[in-house]
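Heads up: the structure comes next, in structure tokens.
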Amino acid sequence: MSFSIIGRSVAESVTLKLNETAAILRAKGEPVIHLGIGEPKSKAPLDAILAAASLLNSGEVRYTPADGIPALKQAIIRYTVDHYGRLVTPENVIASGGAKQSIMVALQAILDPQDEVVFPAPYWVSYPEMVKLCGAVPVPVHPEDGTFYPRLQDIEQVCGPYTKAIIINSPNNPTGAVYSEEFIADIVEFTEKRGIYLIMDDIYHRLIFHGKKAANCFKYLKGSLGDSKIILINGVSKQYAMTGFRIGWAVANKKLIEVMTNIQSHQTSGPSVILQTAAAGAINGIQSGVESLRTTLENNTRVMMEQLHAFTGLRVHEPDGTFYCFVDFSVYDKNSTKLAYFLLEKVRVITVPGIEFGLDGYLRLSTCGSIKDITQGIERIKWAIDPNSPNELFIGERKLTRDWL
Ligand SMILES: Cc1ncc(COP(=O)(O)O)c(C=O)c1O
């Protein structure tokens, strides 16, 4: 069988694969703890459900404009004013099937084969694959000082004549790092001066801890949005716990949105009207769920930090936001894939190998589950890899005996 060069070059989504593995094992009655998950457990906001249910009841479920229904665009405009202090027009907005599709369509609108897209490592697993889907070249940048905080000089060094875009994701998946105001100001200035697109993936921007705030890229834009190459990405998946609704959006200059819309119109004709209506309901509705999720995550992260500090040898960086901790397990195993599969096999804990995010030796642990998931999950990991642990561990009725180490 023959496949295209692009088809062959793209890897499967490891995070989605892990969700599938967890579901299969659970269906078999296995006591799986899923610390790999990238979605909140809370319910979708009632305003979203009621809005969608009311449309469904009407029976009028039709095609929509490819760039989104007016009601959702208006909600996104209000959101952009509220959170970014910038009044945009409907022509500056496109709604897509998740932030993922907005990023994908943006990349397809701007990239030619051989163009390069730069992003700091560790990075969200999909960036390299999405760039490759466009026949372009992903260029991850590892901060030279070994931290999770990129500096402009790290990025400048890899930018050349083929650099078409930079992707910045803060708060960051997988590290939970929130990049500083200075860095965002620098990167906006740099991309503006060099005429490079800047994709700001702000999907976690309201899930921040310790009273911190995410930097607003528009604050540092010198020219008008019409001339700007900033593409601001957001969505309902994370902040409203609406991952399955698949609605995200981009805000950018009108010409680019027009090109993105043309592409999207031939790909999917736009997202489902039911889900767009639900997303508008969430954005326009009561916002207390976002704050409640944020405080839950802050508390869960604190508990996970306490648990992790009980390990000897781990290097732990405290996240400022998101629902991930990215932990250096290299003293136990430098091969993160091997370690993740070992933990799954021996103690039924799912983690995501750091190599998928461009940094081996690390595991990404999610704080989306319950406090019990976190404490028992970390306890099982500790038991499995710490040579000083007792020989036996009980998981419910099941007794595990260590036959390794
Ligand atoms: C950094 C980042 N950007 C974008 C997305 C995609 O979100 P959506 O569910 O809206 O497609 C994710 C989802 O995991 C993410 O972590």
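The values are calculated or read from the model by the stated rules, or taken from the named source; none is laboratory data. Keep in mind that this is a model prediction, so the values were computed, not measured. Glycine also receives a Cβ, built like all others from the backbone with ideal geometry; neighbour counts cover every protein chain displayed.
Taken over segment 350-371, the criterion of being within 12 Å of Ser336 (Cα to Cα), assigned to a helix (DSSP H, G or I) and not charged (D, E, K, R) is satisfied by Gly354, Ile355, Phe357.
Okay, residues lined up against (1) outside any loop (DSSP other than H, G, I, E, B); (2) free of Cβ contacts under 8 Å to residues at least 24 places away in the same chain; (3) touching a helix residue (DSSP H, G or I) at 6+ places or on another chain (Cβ under 8 Å); (4) farther than 30 Å from Gly146 by Cβ:
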| residue | (1), (2), (3), (4) |
| --- | --- |
| Arg206 | no, no, yes, no |
| Leu232 | yes, no, yes, no |
| Ile257 | yes, no, yes, yes |
| Leu275 | yes, no, yes, yes |
| Gly281 | yes, no, yes, yes |
| Arg302 | yes, yes, no, no |
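Taking first residues from segment 77-104 that are hydroxyl-bearing (Ser, Thr, Tyr) and partners that are within 16 Å of the ligand (Cβ to nearest atom) and in a helix (DSSP H, G or I), the Cβ contacts under 7 Å between residues at least 6 apart in sequence or on separate chains come to Tyr79/Ile283; Ser96/Ser102; Ser96/Val105; Ser96/Gln264.
Screening Ala52 on (1) surrounded by fewer than 22 Cβ atoms within 10 Å (Cβ to Cβ); (2) away from the ligand (no atom under 16 Å from the Cβ) shows it passes everything except condition (1).
Among the candidates Lys41, Lys17, Lys28, single out the residue that is among the basic types (Lys, Arg), within 16 Å of the ligand (Cβ to nearest atom) and over 30 Å from Ser265 (Cα atoms). Steps first, please.
Values: Lys17 fails: over 30 Å from Ser265 (Cα atoms); Lys28 fails: within 16 Å of the ligand (Cβ to nearest atom).
Result of the check over Lys41, Lys17, Lys28: Lys41.
For segment 57-105, a residue qualifies if it is of a type in the set (S, T, N, Q) and either within 18 Å of Ile283 (Cβ to Cβ) or within 16 Å of the ligand (Cβ to nearest atom) (or both), and the qualifying residues are Thr64, Gln74, Thr80, Thr89, Asn92, Ser96, Gln101, Ser102. When Val158, Val141, Val137 are checked against the criterion of being in contact with a helix residue (DSSP H, G or I) (Cβ under 6 Å, 6 or more places away or on another chain) and among the β-branched types (Val, Ile, Thr), a single residue qualifies: Val141.
Anything in segment 379-405 that is small (Gly, Ala, Ser) and modelled with pLDDT of 90 or more? List them, or say none.
Ala384
Looking only at segment 313-338, residues that are under 21 Å from Pro140 (Cβ atoms) and of a type in the set (A, V, I, L, M) come to 1 in all. Considering segment 208-224, and only residues there that are part of a helix (DSSP H, G or I) and in contact with a strand residue (DSSP E or B) (Cβ under 8 Å, 6 or more places away or on another chain), the residue that is farthest from Lys100 (Cα to Cα) turns out to be Phe218. Taking segment 219-266 as the range and being away from the ligand (no atom under 13 Å from the Cβ) and among the hydrophobic types (A, V, I, L, M, F, W, C) as the test, the residues that pass are Leu221, Leu225, Ile230, Val251, Ala252, Leu256, Ile257, Val259, Met260, Ile263. Is one or more of the residues making up segment 71-81 over 24 Å from the mean Cα position of the chain (by Cα) and either assigned to a helix (DSSP H, G or I) or within 30 Å of Tyr341 (Cβ to Cβ) (or both)? Yes: segment 71-81 contains one or more residues that are over 24 Å from the mean Cα position of the chain (by Cα) and either assigned to a helix (DSSP H, G or I) or within 30 Å of Tyr341 (Cβ to Cβ) (or both). Of the residues making up segment 340-375, just one is more than 27 Å from Arg294 (Cα to Cα) and hydroxyl-bearing (Ser, Thr, Tyr), namely Tyr341.
Please tell me if Pro161 is within 16 Å of the ligand (Cβ to nearest atom) and without any contact (Cβ under 8 Å) to a residue 24 or more places away in the chain. Walk me through how you get there before you give the answer.
On the way: within 16 Å of the ligand (Cβ to nearest atom): no; without any contact (Cβ under 8 Å) to a residue 24 or more places away in the chain: yes.
No.
Right, Pro174: on the phi < 0 side of the Ramachandran plot and within 19 Å of the chain's Cα centre (by Cα) or not? Break it down stepwise before answering.
Numbers: on the phi < 0 side of the Ramachandran plot: yes; within 19 Å of the chain's Cα centre (by Cα): yes.
Considered against the rule, which asks whether it is on the phi < 0 side of the Ramachandran plot and within 19 Å of the chain's Cα centre (by Cα), Pro174 comes out as yes.
Please work out which one of (1) under 19 Å from Ala11 (Cα atoms); (2) within 13 Å of the ligand (Cβ to nearest atom) is the condition Lys132 fails and give its number. Here Lys132 meets the rest and fails (2).
So, Val316, is that one β-branched (Val, Ile, Thr), surrounded by fewer than 21 Cβ atoms within 10 Å (Cβ to Cβ) and touching a helix residue (DSSP H, G or I) at 6+ places or on another chain (Cβ under 6 Å) or not? Against the criterion (β-branched (Val, Ile, Thr), surrounded by fewer than 21 Cβ atoms within 10 Å (Cβ to Cβ) and touching a helix residue (DSSP H, G or I) at 6+ places or on another chain (Cβ under 6 Å)), Val316 qualifies.
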